[in-house]
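Take a look at the structure below.
The values are calculated or read from the model by the stated rules, or taken from the named source; none is laboratory data. Here the structure is a predicted model, which means the values were calculated and not measured. Glycine also receives a Cβ, built like all others from the backbone with ideal geometry; neighbour counts cover every protein chain displayed. What goes into the accessible areas is simple: the full protein's heavy atoms, side chains included, and nothing from ligands, DNA or RNA. Shrake-Rupley method; radii C 1.70, N 1.55, O 1.52, S 1.80 Å.
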Amino acid sequence: NAGVTQTPKFRVLKTGQSMTLLCAQDMNHEYMYWYRQDPGMGLRLIHYSVGEGTTAKGEVPDGYNVSRLKKQNFLLGLESAAPSQTSVYFCASSFWVPNTGELFFGEGSRLTVL
Amino acid sequence: AQSVTQLGSHVSVSEGALVLLRCNYSSSVPPYLFWYVQYPNQGLQLLLKYTSAATLVKGINGFEAEFKKSETSFHLTKPSAHMSDAAEYFCAVSGSGTASKLTFGTGTRLQVTL
């Protein structure tokens with residue numbers, strides 16, 4: 001009963017490097033989200049997806065790209081990492097639209113950009 | 001647009017004392033309101049939600065919250081704190097439309113002391 005799984009859990013990058021965070025859910029959820037969590041700022045939505053093959057911008061999308069080629073996976077990419085992208089990233093999924101349903105979160109991926 | 005304000009980034013209570021975490025919302029449409037809890041090094045999990053049914057909502061682990069439209073508040077309470085309640089708590093709001101997404105507050109860290 002894995003729920004939402006994020007890989008990797010920790011990563012250190014140098015400025016300008018690229019990387020991809022993988023989110024996998026085994027609950028057959030339609031909706032998936034990527035958030036970033038920064039001290040004193042709560043969670044901010046980066047990108048989200050309302051179904052396989054769809055993506056949309058959230059509150060802070062700049063510097064990130066996403067893809068949802070398979071229903072169970074939602075990838076977050078950083079093409080050229082910047083120190084401002086140092087954060088903890090959370091993936092979440094939900095079966096229903098988010099305002100009526102429960103979001104299930106992964107355990108987070110801590111990214112440090114030097 | 002919706003937003004929430006959590007008053008107090010840190011709250012400390014003694015074990016057995018009342019827990020009160022404050023959340024005020026702003027919404028141009030009837031809101032749906034949520035409290036999420038985040039234990040150390042974990043993702044968020046839903047504590048309780050208000051979706052226009054009963055104004056007093058009961059959640060897990062003895063927590064409850066009351067929706068007060070006149071005060072635009074959704075404060076979280078628990079009669080008697082336990083050491084295991086130490087965590088960060090996030091209030092969140094969304095609109096009632098199916099396209100609405102969650103907007104999180106900045107969080108309140110609850111410390112429980114002996």
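Among the aspartates and glutamates, which have Cα under 20 Å from the Cα of A:K70 when same-chain residues fewer than 8 positions away are ignored?
A:K70 reaches A:D26, A:E30, A:E52.
Got a sec? Charge dipole of chain B, +1 on Cβ for Lys and Arg, -1 for Asp and Glu; which of B:Q38, B:A53, B:S14 is way out at the positive end?
Most positive-ward Cα: B:A53.
Within 12 Å, Cβ to Cβ, of B:P40, how many net charges do the neighbouring residues add up to if Lys/Arg are +1 and Asp/Glu are -1? Could the numbers behind the result be given before it?
Details: positive: B:R109; negative: A:E107, B:E88.
The answer is -1.
Once you wrap a convex hull around the alpha carbon atoms of chain B, what is its projected area averaged over all directions, in nm²?
6.8 nm²
Assign unit charges at the C-beta atoms only (+1 for Lys and Arg, -1 for Asp and Glu), then state the dipole size of the protein assembly as shown relative to its Cα centre in Debye, rounded to the nearest 20.
It works out to roughly 240 debye.
With an 8 Å Cα cut-off and a minimum separation of 6 or more residues, compute the relative contact order for chain A in percent.
Once divided by the residue count of chain A, the mean separation gives 35 percent.
Could you give the semi-axes, largest first, of the ellipsoid that matches the stretch A:1-109, computed as the square roots of 5 times the alpha carbon gyration tensor eigenvalues and rounded to whole Å?
22, 14, 13
Which percent of the accessible heavy-atom area of chain B goes to carbon and sulfur, probe 1.4 angstrom?
Working: 2790 of 5320 Å².
C and S atoms contribute 52 percent here.
Could you grab the relative contact order for the stretch A:57-114? Cα pairs under 8 Å, six or more apart, rounded to a whole percent.
29 percent
Taking only protein heavy atoms into account and a 1.4 Å probe, give the accessible area per residue of chain A in Å². If you can, show how the numbers build up before the last one.
Details: 5420 Å² over 114 residues.
Here the residues of chain A average 48 Å² of exposed surface.
In square nanometres, what is the average projected area of the Cα convex hull of the stretch B:14-59?
Taking the Cα atoms of the stretch B:14-59, their convex hull projects to 4.7 nm² on average.
Three principal axis extents, largest first, for the C-alpha atoms of the protein assembly as shown, in Å?
48, 40, 34
If Lys and Arg each add +1 and Asp and Glu each add -1, what is the summed charge of the other residues whose beta carbon sits under 14 Å from the beta carbon of A:P39?
Working: positive: A:R36, A:R44, A:R110, B:R109; negative: A:D38, B:E88.
Net charge around A:P39: +2.
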